[in-house]
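The structure appears below as structure tokens.
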There are 2 protein chains.
Amino acid sequence: MTSSTPAKYAIGVDFGTESGRALLVDVATGHELASSVYKYANGVIDETLPDTGKRLEPDWALQDPNDYIEVFKQTIPAVVQESGVDPQDVIGIGIDFTACTMLPVKADGTPLCFLPEWRGNPHAWVKLWKHHAAQPEADKINETARARGEAWLDRYGGKISSEWFFSKTLQILDEAPDVYDAADRLLEAADWVVWQLTGVETRNSCTAGYKAMWSKREGFPDNAYFAALDPRLEDVIDAKMSRDIQSIGSKAGELTEEAAGWTGLLPGTAVAIANVDAHVAVPATTVVETGRMVMIMGTSICHMVLGDEERLIPGICGYVEDGILPGLFGYEAGQSCVGDHFAWFVENCVPASYEREAQVRGIDIHELLEEKAAKLKPGESGLLALDWWNGNRSVLVDVDLTGMLLGATLLTKPEEIYRALIEATAYGTRVIVDAFDDNGVPVNELVACGGLPERNKLLMQIYADVTGREIKVSASAQTPALGSAMFGAVAAGEEAGGYASIYEAAPKMSYLQEEAYKPNPEAQKVYDQLFAEYVTLHDYFGRGENDVMKRLKAIKASARKS
Amino acid sequence: MTSSTPAKYAIGVDFGTESGRALLVDVATGHELASSVYKYANGVIDETLPDTGKRLEPDWALQDPNDYIEVFKQTIPAVVQESGVDPQDVIGIGIDFTACTMLPVKADGTPLCFLPEWRGNPHAWVKLWKHHAAQPEADKINETARARGEAWLDRYGGKISSEWFFSKTLQILDEAPDVYDAADRLLEAADWVVWQLTGVETRNSCTAGYKAMWSKREGFPDNAYFAALDPRLEDVIDAKMSRDIQSIGSKAGELTEEAAGWTGLLPGTAVAIANVDAHVAVPATTVVETGRMVMIMGTSICHMVLGDEERLIPGICGYVEDGILPGLFGYEAGQSCVGDHFAWFVENCVPASYEREAQVRGIDIHELLEEKAAKLKPGESGLLALDWWNGNRSVLVDVDLTGMLLGATLLTKPEEIYRALIEATAYGTRVIVDAFDDNGVPVNELVACGGLPERNKLLMQIYADVTGREIKVSASAQTPALGSAMFGAVAAGEEAGGYASIYEAAPKMSYLQEEAYKPNPEAQKVYDQLFAEYVTLHDYFGRGENDVMKRLKAIKASARKS
């Protein structure tokens, strides 16, 4: 590009848990010109099904694919208009999605839940990443793999999660074989939205590798394994999925006339292969090398580390060669309840007197709690929590674990509980950091992005103190969308004014903030003591010594049925 | 009494944690004519000392003796006026108090905290029953007793509580030897208020037996034991207390001119020996025989059972021969956090949306929570709590234990936590019931009194379901005050129109409600499972397997000092 050519732009679209967001970015500088958010009309469907009002079982979490199309229709025209950019200078689109978020569709891509005959069946809808009702299926997947000595199991820390693709697939087959039969295709919502944009069905290497047991060298597990799971599942890959997995950084296709109509962009605009919100954020936080863990901090935390060697790490979510960046192993871990945790607390546990105080002072309730909690010293509350309100993803990989709070007295204040919940999520992060570090994938520095780092400085300082590591923060407030825009620029290619690879795009388009969070040695000392207590309870409740949490869940399930 | 003699009346004065109450009762029928409450102006002093604003350490809880005098001045004239009774027909007064609630006074009865030179010293004030800062002293009392093989230790379940008389006394000596030296007398607030009424210093057998290691047959521990605790304490009984212990049911003295002036009663009116709120309630709930446990349910629960044999029961608060009724062994256990627990929850954990809902519907927030919680089935919340927000009195006798909640998810609702806290206190009661039942003091039926049974029917049903026992409820809403009035009538004696003994008074003056709470067999089944989980956690955290609660308290104490 020279100064005489007009500036080129890329759009990243980030599909989150509650909403979708488009970001329009200057390809040469990474400058973010405009962004727009669409809140899903049907949000997270976890109580009753739309239209029919059918009550869902506990641990279910669905979404409506129509909300995803609305994201394109609402947000892309909005960013084009707001930025004043000429649509012909928008050279590429990338998307990223939560994962595994999957759905059953017809051969032409129509979601089963769009069809009147299936609309009342919960299994016809999108199963959101945090749909946790497929634990029996995950157990069966793990047992069967162990029994057959499947080597791929080790890549995933020895345990497949109930959140992943085949757990959800097997749940459909178990509970709604008619839906399974009616589904011509089963796919990630990430790939489905790219299909809607391009008219071409593609499968990305990131979700295939991290969520569907695929690897670049070995492909999917054998048909014999799937047959051992369930004879009806033997041919699932060839019948309803695809072995043609395309690498991150490739081009999926070009915008169709119809999708151009939705978005106001030009037909033929390059569209990148789908990506996952956490993974796409890594290059967007400047991280393209080993030793630096990226934490995408929002409702949950995803932890991403690059490694130059293949390492087995117990309890991590998985590693995929070329899964984040070509030429490196991408390691992923996760905590399933972080921002969600504080939202739950504020909604359910903060007394009216605090709400009034926040109102009088004209501040947000989170801000008030942060202010009060920041006045406490480490250890001063006497509280300790296990951050398992939404199960434990790493390193225990167990959705049936539940939250615990210990140390309460009659003088315990809401801000003390709030701080204890923050600290608990920090201990959860440290367990993950230690698992990497102790197993040959070094973590020397943390780089944070997502909504939480901007909103909660106390939380960031606690994470630095608890992990004993410096935390830097992405300069972009919308890193996944920025990463998707970067991949959009790569899909467009050098000739169109984009980039030949993500390695070229990253140094041009991504930045960090100057300010960083440094561990405070005094706080570290106290947190080391508290972390030791956390680990004892983590192992007692999480590793089988006392399975009370699971027994309570079983009693709960039986009480709800009676 | 014949119908020609005018009716006679007795007044019971019940000193609680937050307020004092007088009740005027018809001696012949137990009919309650009038009652009046005075809320202590200085309440529970647990943050800063009045006047000086001096900050108190954690676990402190003090009171102002002037508040007790105000109870007499405010409430007795009020009940006399409201009832329209002629003061000359009021034949006796009885009082009951929380215990151990003790204070240091001068030889003439003046509390040290009334004197300007001592007013700024927290140790000069009344130490309320729930003052929990004397744990190191309790530990020393227990260790010294064990080392010396003191036989009396077994009467108290093998462990003296930090709440009791000599723990508090030793704390004064340890931390404020000048206050100890300046105190001519150390005594229960119960005995102190009787002294203020009668001008005579007396000591009642109930607090001496339950809180000060005295027994009818053996008296106090030897001076050599006290010397072993601390040489300065050797002579504490003879120097600052008394070996002249008077039995419950005796007359302490008669109203002085001054006290007659405060109360509007006649000088010379009989005053009963002081009693304890829980113990005095037993005959007032009709219980004068073995096999029926009385539960006084308010901020805390006291459990009283009568036995005809001497039994050792691990972890109960103690047994005292003639301690509740002459001729029987009175066994006492306790839970230190019940009504307080729900008050804490409502103040600190109930969201504004619930407060608004209660307001709109014009109901109390407790009522709203009870209604919502009552819709849940046993086990449906998946939650389990340990009810140790204020330590554990029975059967672990450990104030350093703290509260725990387990099983929380992102769908957990406030009413589920509320119900789990109620259930936890019910499991705590069952541990106590089982301890009696398993050790030869049968508990076939529960009889409840106090504020909670009237206010919370859900709680009562849960207690019946969890313990598997029918619960009857006192007809009087103010049982301790009624019991005190009964003892006032006994102090007056038969000739004055009262009774010769409490055995004669009980059948005439006390009643039960007709309605009772019967265990629901379906609920019992689920609660049996949940109780088994409670016991596992109770023992894990409470019997030394994981002392995390104590370590957190130590870290907390050190954080507050730094």
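The values are calculated or read from the model by the stated rules, or taken from the named source; none is laboratory data. If you're wondering where the values come from, they're calculated on a predicted model, not measured in any experiment. In this analysis, Cβ positions are derived from the backbone assuming ideal geometry, glycine residues included, and neighbour counts consider all displayed protein chains. These accessible areas exclude ligands, DNA and RNA; they are computed on the full protein's heavy atoms, side chains included. Shrake-Rupley method; radii C 1.70, N 1.55, O 1.52, S 1.80 Å.
Here are a few things to note about the model shown:
- Pick from the range A:323-340, criterion within 14 Å of chain B (Cβ to nearest Cβ) and either of a type in the set (S, T, N, Q) or open to solvent by less than 20 Å² (accessible area, probe 1.4 Å) (or both), ranking: nearest to A:W389 (Cα to Cα): A:C337
- First in the range A:341-368 and at the interface with another protein chain (Cβ under 8 Å from one of its Cβ atoms), second anywhere and hydrophobic (A, V, I, L, M, F, W, C) and open to solvent by 70 Å² or more (accessible area, probe 1.4 Å), Cβ under 9 Å, 6 or more apart: A:W344/B:L411
- Condition met for A:L233 (open to solvent by 40 Å² or more (accessible area, probe 1.4 Å), among the hydrophobic types (A, V, I, L, M, F, W, C) and in contact with a Leu (Cβ under 8 Å, 6 or more places away or on another chain)): no
- Entirely in the range B:409-474, the helices (runs of 4 or more DSSP H) that have 2 or more residues that are of a type in the set (V, I, T): B:414-438, B:457-467
- Flag for B:V44 being surrounded by fewer than 20 Cβ atoms within 10 Å (Cβ to Cβ), modelled with pLDDT of 95 or more and within 17 Å of the chain's Cα centre (by Cα): yes
- Among the residues making up the range B:85-102, those that are among the aliphatic types (A, V, I, L, M) and buried (at least 24 other Cβ atoms within 10 Å of the Cβ) are B:V90, B:I93, B:I95, B:A99, B:M102.
- Residues in the range A:341-373 that are under 30 Å from A:K211 (Cβ atoms), open to solvent by less than 10 Å² (accessible area, probe 1.4 Å) and out of contact with any Gly (no Cβ under 9 Å at 6 or more places or on another chain): A:F342, A:F345.
- Residues of the range A:378-412 that are of a type in the set (G, A, S) and more than 8 Å from every other protein chain (Cβ to nearest Cβ): A:A385, A:G391, A:S394.
- Residues of the range A:410-425 satisfying the condition of being more than 21 Å from the chain's Cα centre (by Cα) and among the β-branched types (V, I, T): A:T412, A:I417
- Within the range B:244-283, being of a type in the set (A, V, I, L, M, F, W, C), in contact (Cβ under 8 Å) with a residue 12 or more places away in the chain and touching a Pro at 6+ places or on another chain (Cβ under 7 Å) holds for B:L255, B:L265, B:L266, B:V280, B:A281.
- Helices (runs of 4 or more DSSP H) wholly inside the range A:121-186 containing at least 3 residues that are open to solvent by 10 Å² or more (accessible area, probe 1.4 Å): A:135-148, A:177-182
- Considering residues of the range A:520-549 that are open to solvent by less than 40 Å² (accessible area, probe 1.4 Å) and more than 29 Å from the chain's Cα centre (by Cα) only, the residue farthest from the other protein chains (Cβ to nearest Cβ): A:A523
- Tallying residues that are under 29 Å from B:G20 (Cβ atoms) and open to solvent by 10 Å² or more (accessible area, probe 1.4 Å) within the range B:440-451 yields 2.
- Whether a residue is without any contact (Cβ under 8 Å) to a residue 60 or more places away in the chain, open to solvent by 40 Å² or more (accessible area, probe 1.4 Å), out of contact with any Phe, Trp or Tyr (no Cβ under 8 Å at 6 or more places or on another chain) and assigned to a strand (DSSP E or B) was assessed, and B:E495 does not pass this test.
- Meets criteria (at pLDDT below 95, more than 14 Å from chain B (Cβ to nearest Cβ) and touching a strand residue (DSSP E or B) at 6+ places or on another chain (Cβ under 9 Å)) for A:Q461: no
- Residues (under 30 Å from B:L266 (Cβ atoms) and assigned to a loop (DSSP other than H, G, I, E, B)) located in the range B:187-233: B:G199, B:V200, B:E201, B:T202, B:R203
- Answer residue from the range A:424-439, given it is in contact with a strand residue (DSSP E or B) (Cβ under 8 Å, 6 or more places away or on another chain) and open to solvent by 10 Å² or more (accessible area, probe 1.4 Å) and is nearest to the other protein chains (Cβ to nearest Cβ) among those: A:A435
- All positions within the range B:459-492 that are within 30 Å of B:N520 (Cβ to Cβ), open to solvent by 20 Å² or more (accessible area, probe 1.4 Å) and more than 22 Å from the chain's Cα centre (by Cα): B:Q461, B:G468, B:R469, B:E470
- Here B:K216 meets the list (1) farther than 29 Å from B:M304 by Cβ; (2) open to solvent by 10 Å² or more (accessible area, probe 1.4 Å) almost entirely, failing just condition (1).
- Filter result for the condition that a residue is more than 14 Å from chain B (Cβ to nearest Cβ) and either free of Cβ contacts under 8 Å to residues at least 12 places away in the same chain or open to solvent by less than 40 Å² (accessible area, probe 1.4 Å) (or both), over A:S558, A:S562, A:S510: A:S510
- Note on the range B:272-299: residues that are closer than 17 Å to B:Y331 by Cβ and either surrounded by fewer than 24 Cβ atoms within 10 Å (Cβ to Cβ) or polar (S, T, N, Q) (or both) amount to 7.
- Residues (closer than 26 Å to B:A270 by Cα and touching a Lys or Arg at 6+ places or on another chain (Cβ under 6 Å)) located in the range B:234-254: B:S242, B:I245
- Residue selection: A:P116 fails the criterion of being touching a residue at least 12 places away in the same chain (Cβ under 8 Å), surrounded by fewer than 17 Cβ atoms within 10 Å (Cβ to Cβ) and of a type outside the set (K, R).
- Test: residue in the range B:382-392 that is out of contact with any strand residue (DSSP E or B) (no Cβ under 8 Å at 6 or more places or on another chain) and surrounded by 20 or more Cβ atoms within 10 Å (Cβ to Cβ): yes
- Selection from the range B:424-448 of residues that are in contact with a Pro (Cβ under 8 Å, 6 or more places away or on another chain) and of a type outside the set (S, T, N, Q): B:A435, B:F436
- Of the criteria (1) within 23 Å of B:A420 (Cα to Cα); (2) free of Cβ contacts under 8 Å to residues at least 40 places away in the same chain, which one B:A475 fails: (1)
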